[in-house]
Amino acid sequence: MAGGQPRAPRSEIAEWAARYLERLDQPFDDWEADFFRRGCSFLSRRLATGAASSWRSMTLPPERRDEVYSGPLAARPLTVEETARLRGMLQRIVREG
């Protein structure tokens with residue numbers, strides 16, 4: 001793919017989607033919700049490196065977050081509708097894996 005990240009093999013994307021799907025059943029703080037959304041966006045475009053990077057940021061302990069990232073966050077929880085939409089997308093990616 002010229003000018004962008006190469007798309008990952010389906011199996012790698014499916015593995016990340018399964019990991020994100022498992023995480024969806026746990027509570028999120030605003031930081032985690034923001035990076036979860038970003039990771040799902042990368043997965044929807046089949047970009048495993050972006051999903052992996054978002055996962056690493058999402059799972060940072062609270063005491064490390066300020067050292068690593070100072071940009072704006074969405075600072076809003078996942079809604080029921082958004083959760084359902086993301087769950088459906090992740091399930092589809094896993095099935096297609």
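Only the coordinates and a few stated rules stand behind these numbers; no lab work does. Note that the structure is a prediction, hence the values are computed from the model and not measured. Note that we place each Cβ from the backbone using ideal geometry, even for glycine, and neighbour counts take in every protein chain shown.
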With Cα Rg over 2.2 N^0.38 Å as the read-out, I listed (i) 1.11; (ii) 1.07; (iii) 1.49; which label goes with the value calculated from this structure? (ii)
Can you give me the distance in nm between label points at ARG95 and THR49, each placed 7 Å from the Cα along the Cα-to-Cβ direction? 3.1 nm
Residue among ALA33, ALA51, ALA84 with the largest mean-square fluctuation in a Gaussian network model of the chain, springs linking Cα atoms under 10 Å: ALA84
Give me the number: length gained by fully extending GLU67 to ASP30, i.e. 0.36 nm times residue separation minus the C-alpha to C-alpha distance, one decimal in nm. 11.6 nm
Per DSSP helix of 4 or more residues, -39500 (n - 2.57); summed, then divided by the residues of the chain. What does that give at 222 nm, rounded to the nearest 500? -21000 deg cm²/dmol
As a footprinting exposure proxy, order THR83, THR49, THR59 by other Cβ within 10 Å, with the fewest listed first. THR59, THR49, THR83
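Kindly put ASP30, ASP66 in sequence by how many other C-beta atoms sit within 10 Å of each C-beta, fewest to most.
Ranked by crowding around the Cβ, least crowded first: ASP66, ASP30.
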Given +1 on the Cβ of Lys and Arg, -1 on the Cβ of Asp and Glu, and no further charges, what dipole in debye does the chain carry about its Cα centre, rounded to the nearest 20? 520 debye
